[in-house]
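**Student:** Supplied in structure tokens, the structure appears directly below.
The values are calculated or read from the model by the stated rules, or taken from the named source; none is laboratory data. The shown structure was predicted, so the numbers you read here are calculated from the model rather than taken from an experiment. Counting neighbours? That spans all protein chains shown, and the Cβs are built from the backbone with ideal geometry, glycine included.
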Amino acid sequence: MWQGSLPGRTAAAVMAAACAGVAPAQDLPNPYASNLIERLVHGVYCAEAPVDLEEAPDTAAGVVNIMPGLPEMRRVTTLVPAQLGIGFGLLIEAREGLVLDPVVVTITHPPYPDSGIEVERWVTGVDDQGPGLVGFSFELESELVTGPWVFEAEHEGEILFRASFEVVPPALLPDLAQGCAGAILS
């Protein structure tokens, strides 16, 4: 399930956005943050149960999870174990005085075995009132697809941030795979 927790902001109705006039993704560092972003932290965390759900029709679940707060990153990394209860993504904050709204978040991943879905989108906002979360938590067996996962966000045709993660079998990252199972499944 998608996750979001932005102070004063929630995910809104999904809209598509075209990428215009930005550098090709392969030319961007990993992770990448534009000059509009003050803070970007990426990594793996233990997922929590959401406090609310927002409609997001362009996601596999049809909703994004609204989280009770910001997670503590267990590790700053781009390697993610495919394990139920694991969350991964980015904590982001805009530069002082900026409110970026709408922001279109797109996550691409290998196809889900049950639906073939590879691209999911939703709309949110990013501001300077504290970091917000753009993440994903593994809640269903069908979501545990290994391979490249790319998180990207655009505002007015500009890439705000981008991070590529590699989801791997849990046996390759046993220390990260342990300790989160069941965190959101209660």
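**Student:** For Val168, which of the numbered conditions (1) more than 27 Å from Glu38 (Cα to Cα); (2) of a type in the set (A, V, I, L, M); (3) within 16 Å of the chain's Cα centre (by Cα) fails to hold?
**Tutor:** (3)
**Student:** A follow-up question, please. Give the residue that is surrounded by the fewest Cβ atoms within 10 Å (Cβ to Cβ), with candidates limited to residues of the range 34-63 that are over 20 Å from Ser142 (Cα atoms) and under 14 Å from the mean Cα position of the chain (by Cα).
**Tutor:** Val41
**Student:** Another question about this same structure. What's the number of the condition Gln83 fails, among (1) surrounded by 19 or more Cβ atoms within 10 Å (Cβ to Cβ); (2) assigned to a strand (DSSP E or B); (3) not aromatic (Phe, Trp, Tyr)?
**Tutor:** With respect to (1) surrounded by 19 or more Cβ atoms within 10 Å (Cβ to Cβ); (2) assigned to a strand (DSSP E or B); (3) not aromatic (Phe, Trp, Tyr), Gln83 is out only on (2).
**Student:** Only one of (1) farther than 22 Å from Val63 by Cβ; (2) assigned to a helix (DSSP H, G or I); (3) at pLDDT 95 or above is not met by Glu166, so which one is it?
**Tutor:** (2)
**Student:** Just give me the residues in the range 113-161 being under 21 Å from Met67 (Cα atoms), within 16 Å of the chain's Cα centre (by Cα) and not hydrophobic (A, V, I, L, M, F, W, C), in sequence order.
**Tutor:** Listed by number, the residues that qualify are Glu120, Arg121, Thr124, Gly125, Pro131, Gly132, Gly135, Ser137, Glu139, Glu143, Glu152.
**Student:** Which of the residues belonging to the range 75-89 are more than 14 Å from Glu139 (Cα to Cα) and under 15 Å from the mean Cα position of the chain (by Cα)?
**Tutor:** Val76, Thr77, Thr78, Leu79, Val80, Gly89
**Student:** Taking the range 35-55 as the search range and keeping residues that are of a type in the set (Gly, Ala, Ser) and at pLDDT below 95, which one is nearest to Leu176 (Cα to Cα)?
**Tutor:** Ala47
**Student:** Only residues that are touching a residue at least 12 places away in the same chain (Cβ under 8 Å) and part of a loop (DSSP other than H, G, I, E, B): list them for the range 28-49, please.
**Tutor:** Leu28, Asn30, Pro31, Ser34, Asn35, Leu36, Ala47, Glu48, Ala49
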